[in-house]
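Below is one structure, written out as structure tokens; comments come after it.
The values are calculated or read from the model by the stated rules, or taken from the named source; none is laboratory data. The structure displayed is predicted, hence computed values, not measured ones. Heads up, the Cβs are rebuilt from the backbone with ideal geometry, glycines too, and the neighbour counts pull from every protein chain shown. When the accessible area is computed, the model is the full protein with side chains, heavy atoms only, and any ligands, DNA or RNA have been set aside. Shrake-Rupley method; radii C 1.70, N 1.55, O 1.52, S 1.80 Å.
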Amino acid sequence: QVQLVESGGGLVQPGGSLTLSCVASGGTFSNYYMDWFRQAPGKEREFVATIGTSGIVTNYAASVVGRFTITRDNAKNMVYLQMNSLKPEDTAVYYCSARSVDDMKYWGKGTLVTVSS
């Protein structure tokens, strides 16, 4: 029902910043919770951040609190992840996901973020 496409990944030095974007099509974007997950090499996919339907309520993994900010623009069907003070351990494929009220979950294909000198 919902298709998601992430963009904005790339190579960044430790301490640098990067902003990821995710555009959604299909369904009604404003009816979905939006999440960011990431999967580092050799590790399981982990939760990064979530944002409620109106963009008011957010929650973050402890590892990114104070460094990452999730936002959404319902008029553009977009969700963003602003990443600051990046660390090598932030290196991962970052996935955008949408959650419906009946808990159906949809995933993008991911965008790679590499934090390295």
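Summary table
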{"quantity": "Note, ³J(HN,Hα) from phi for region 67-78, Karplus 6.51, -1.76, 1.60, rounded to Hz, x at Gly and Pro", "calculated": "10, 10, 9, 9, 9, 9, 10, 5, 5, 9, 6, 10"}
{"quantity": "Solvent-accessible surface (1.4 angstrom probe) belonging to Met83, in square angstrom, nearest 10", "calculated": "0 Å²"}
{"quantity": "Cα lying deepest toward the dipole's positive end in the chain, options Gln13, Asn74, Val64, charges on Cβ", "calculated": "Gln13"}
{"quantity": "Dipole moment magnitude, nearest 20 debye, the chain about Cα centre, only Lys, Arg, Asp, Glu C-beta charged", "calculated": "120 debye"}
{"quantity": "Gained length - Asp73 relative to Lys87, 0.36 nm times residue gap less alpha-carbon distance", "calculated": "2.3 nm"}
{"quantity": "Spin-label pair Lys43/Asp103, simplified geometry with 7 Å Cα→Cβ offset, distance in nm", "calculated": "2.6 nm"}
{"quantity": "Computed over the chain, the ratio Rg/Rh where both radii use C-alpha atoms and Rh is Kirkwood", "calculated": "0.95"}
